[in-house]
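Working notes, structure below.
The values are calculated or read from the model by the stated rules, or taken from the named source; none is laboratory data. Just so we're clear, the structure is a prediction, and the values are computed from it rather than from any experiment. Here the Cβ is made from the backbone with ideal geometry for all residues, glycine too, and neighbour counts use every protein chain on show.
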Amino acid sequence: MKARLLQCLAITIVLLCSTNLIFAQKEISRKLDLKQSYITFTIQTEKGVVEGKINFKSGQINFVDTIMKSYEFIADMKNIQITKRDSGLNEQQILEAVCSPGFFNCDSFPELRIVNKKIDRKPDNSYFTIANMFLKNKPVELRFVVYFSKIGKDDGFYALSYISRRNNKITYISQPNSLKINDSYFYDNIELFLHIILK
């Protein structure tokens, strides 16, 4: 009788372990495709619109099964490309302004880091997320919606967010013998567009 009880107990333990293995949640980490992923920024100016492109140095999104749980992206501020310029400044002048110490301060802070702060999954499998974007090592809050979809042969998402220069102390400080503009040349809002493609 005792042997039979031990046998039943052993079978139960094996079944429980098998069930846990079958239904165990799988943690997956997926890296960015650095050739296809980037950030664009758009700023309205007195003479039109300027746009720039910032490539990522690294980044990954962590999932449990198919549910996004966390992410971290690191962008390269030393290689900003100007993709559209206004009628008042040429490409080099725009770079000088946006990379200046009061603005993005690219020389002193060569990396821009975006890390999740809150992720709220919605019924349609989209996510409302709040992130800290560490610009000049200070957190700037981003809010955007993530909806994963097929983009060409790969999967990823596009996301739009806005930040206020005034609220986050992103200012152009005029320098002697530099550009003949002041901070008011740039309007307040900066539009950020994340183009995220996963490997």
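Got a sec? Which of D188, D155, D120 is out of contact with any His (no Cβ under 7 Å at 6 or more places or on another chain), assigned to a strand (DSSP E or B) and under 20 Å from L34 (Cβ atoms)?
Numbers: D188 fails: under 20 Å from L34 (Cβ atoms); D120 fails: under 20 Å from L34 (Cβ atoms).
Within the list D188, D155, D120, the selection yields D155.
Examine the range 191-198 for a residue that is in contact (Cβ under 8 Å) with a residue 60 or more places away in the chain, part of a strand (DSSP E or B), out of contact with any helix residue (DSSP H, G or I) (no Cβ under 6 Å at 6 or more places or on another chain) and among the aromatic types (F, W, Y), and state whether such a residue exists.
Yes, that holds for at least one residue.
Any chance the range 63-74 includes a residue that's at pLDDT below 95 and not hydrophobic (A, V, I, L, M, F, W, C)?
Checking the range 63-74: at least one residue is at pLDDT below 95 and not hydrophobic (A, V, I, L, M, F, W, C).
Please go through the range 161-171 and pick out each residue that is loosely packed, with under 13 Cβ neighbours inside 10 Å, in contact with a strand residue (DSSP E or B) (Cβ under 6 Å, 6 or more places away or on another chain) and part of a loop (DSSP other than H, G, I, E, B).
Result: R166, single match.
Condition first: surrounded by 15 or more Cβ atoms within 10 Å (Cβ to Cβ), over 20 Å from I61 (Cα atoms) and not charged (D, E, K, R). Can you find one or more residues in the range 143-160 that meet it?
Checked against the condition, which is being surrounded by 15 or more Cβ atoms within 10 Å (Cβ to Cβ), over 20 Å from I61 (Cα atoms) and not charged (D, E, K, R), the range 143-160 yields no hits at all.
Of all residues in the range 170-190, how many are more than 17 Å from K47 (Cβ to Cβ) and free of Cβ contacts under 8 Å to residues at least 40 places away in the same chain?
Qualifying residue count, the range 170-190: 2.
Checking the structure you have, find out if any residue of the range 172-193 is within 20 Å of the chain's Cα centre (by Cα) and either of a type in the set (F, W, Y) or under 20 Å from G59 (Cα atoms) (or both).
We begin by selecting, within the range 172-193, every residue within 20 Å of the chain's Cα centre (by Cα); these are 189-193.
So of that shortlist, the ones also either of a type in the set (F, W, Y) or under 20 Å from G59 (Cα atoms) (or both) come out as 192-193.
Yes, because at least one residue in the range 172-193 is within 20 Å of the chain's Cα centre (by Cα) and either of a type in the set (F, W, Y) or under 20 Å from G59 (Cα atoms) (or both).
Got a sec? Which of L34, L21 is modelled with pLDDT of 95 or more, outside any strand (DSSP E or B) and farther than 18 Å from E191 by Cα?
Being modelled with pLDDT of 95 or more, outside any strand (DSSP E or B) and farther than 18 Å from E191 by Cα holds for just one of L34, L21, which is L34.
Tally the residues that are modelled with pLDDT under 95 and in a loop (DSSP other than H, G, I, E, B), restricting the search to the range 143-152. Let's see the steps before the verdict.
Taking the range 143-152 as the starting set, the residues that turn out to be modelled with pLDDT under 95 are 149-152.
Those still in the list that are in a loop (DSSP other than H, G, I, E, B) too: 152.
The total comes to 1.
Scanning for something within 19 Å of the chain's Cα centre (by Cα), crowded, with 17+ Cβ neighbours inside 10 Å and either in contact (Cβ under 8 Å) with a residue 60 or more places away in the chain or part of a loop (DSSP other than H, G, I, E, B) (or both), does the range 81-96 turn up at least one residue?
Scanning the range 81-96, I find no residue that is within 19 Å of the chain's Cα centre (by Cα), crowded, with 17+ Cβ neighbours inside 10 Å and either in contact (Cβ under 8 Å) with a residue 60 or more places away in the chain or part of a loop (DSSP other than H, G, I, E, B) (or both), so the answer is no.
Can Q60 be described as more than 20 Å from S164 (Cβ to Cβ), in a strand (DSSP E or B) and polar (S, T, N, Q)?
Yes, satisfied.
Mind listing whichever residues of the range 172-185 are surrounded by 16 or more Cβ atoms within 10 Å (Cβ to Cβ) and part of a loop (DSSP other than H, G, I, E, B)?
Within the range 172-185, Y172, L179, I181 meet the criteria.
Checking the structure you have, find out if any residue of the range 110-119 is free of Cβ contacts under 8 Å to residues at least 12 places away in the same chain, surrounded by fewer than 18 Cβ atoms within 10 Å (Cβ to Cβ) and under 30 Å from V64 (Cβ atoms).
No, the range 110-119 has no match at all.
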